[in-house]
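Here the structure comes first, spelled out in structure tokens, and everything after it is commentary.
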Amino acid sequence: MSRQVFLYDPPERFVAGTVGLPGRRTFFLQATAGPRVTSVVLEKTQVAALAERMDELLDEVVRRSGGNAAVPAVAPTEISDTAPLETPIEEEFRVGTMALAWDGEEERMVVEAQALVELDADSEEDLAEAEERLLQDEENGPPMLRVRLTGAQARAFAKRALDVVNAGRPPCPLCSLPLDPEGHVCPRQNGYRRGA
């Protein structure tokens, strides 16, 4: 079976968003171009990591270019996107592996999100080898979302993604675990005291 690649070069819109209430949210990456809409599911930690790494990579591009790259230092407000995800949301796949790269010739951020697959391996070495083969197989690998963004689009994506992640449940001031709307059992308030 040949690999299905959802390519957006460039997308009209590429955002991270959620469906559901805080504490029970499902996180999505969604790319759109004309009538095409591709939505993939991922974990909150994956969204946070993608946004943080994207900002770090853009900062490095600016540093290495001496400030001459077409990358803004902060997300431009004129392309800020706070709209909800396009509906209906139809999940194409659940993301397993993500990759980021900077195309210096075209000055584009390349984001790849590959479907989660289970690999059978007897050892750590076999697992690493199987993962490498999977990533290199352009012909028969799992489905992939590939998006090419300008520096400004990438900064705007990263800002929105971090805002979405941080819009969840507030942390408990004592234990830093998330506070649920229906209550919170705080480990620091359970009456346990350590003997001196």
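Checking each residue in segment 61-73 for being surrounded by 13 or more Cβ atoms within 10 Å (Cβ to Cβ) and in a helix (DSSP H, G or I) picks out VAL61, VAL62, SER65. When the residues of segment 86-98 are filtered to those that are over 15 Å from the mean Cα position of the chain (by Cα) and β-branched (Val, Ile, Thr), the one that is most open to solvent (accessible area, probe 1.4 Å) is THR87.
In segment 176-196, what residues are open to solvent by less than 70 Å² (accessible area, probe 1.4 Å), at pLDDT 50 or above and assigned to a loop (DSSP other than H, G, I, E, B)? Passing the criteria: LEU179, HIS184, CYS186. The residues on offer are ALA113, ALA83, ALA101, and the sole one that is assigned to a loop (DSSP other than H, G, I, E, B) and either of a type in the set (A, V, I, L, M, F, W, C) or under 17 Å from the mean Cα position of the chain (by Cα) (or both) is ALA83. The number of residues in segment 11-50 being touching a residue at least 24 places away in the same chain (Cβ under 8 Å), open to solvent by less than 80 Å² (accessible area, probe 1.4 Å) and in contact with a strand residue (DSSP E or B) (Cβ under 7 Å, 6 or more places away or on another chain) comes to 26.
Restricting attention to segment 138-155, does a residue exist that is surrounded by fewer than 16 Cβ atoms within 10 Å (Cβ to Cβ), of a type outside the set (A, V, I, L, M), at pLDDT 90 or above and under 26 Å from GLY96 (Cα atoms)? The answer is no, given that none of the residues of segment 138-155 is surrounded by fewer than 16 Cβ atoms within 10 Å (Cβ to Cβ), of a type outside the set (A, V, I, L, M), at pLDDT 90 or above and under 26 Å from GLY96 (Cα atoms).
Residues are listed down the side, and each one gets a yes or a no for (1) in a loop (DSSP other than H, G, I, E, B); (2) more than 12 Å from VAL147 (Cβ to Cβ); (3) modelled with pLDDT under 95:
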residue	(1), (2), (3)
ARG3	yes, yes, yes
PRO10	yes, no, yes
PHE14	no, no, no
LEU21	yes, yes, yes
ARG24	yes, yes, yes
PHE28	no, yes, no
ALA31	no, no, no
SER39	no, yes, no
THR45	no, yes, yes
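The combined condition, being touching a Gly at 6+ places or on another chain (Cβ under 8 Å) and closer than 19 Å to LEU29 by Cα, is not fulfilled by MET98.
The values are calculated or read from the model by the stated rules, or taken from the named source; none is laboratory data. Keep in mind it's a predicted model, so treat the numbers as computed, not measured. Glycine also receives a Cβ, built like all others from the backbone with ideal geometry; neighbour counts cover every protein chain displayed. Remember, those area values only see protein heavy atoms, side chains included, never the ligands or the DNA or RNA. Shrake-Rupley method; radii C 1.70, N 1.55, O 1.52, S 1.80 Å.
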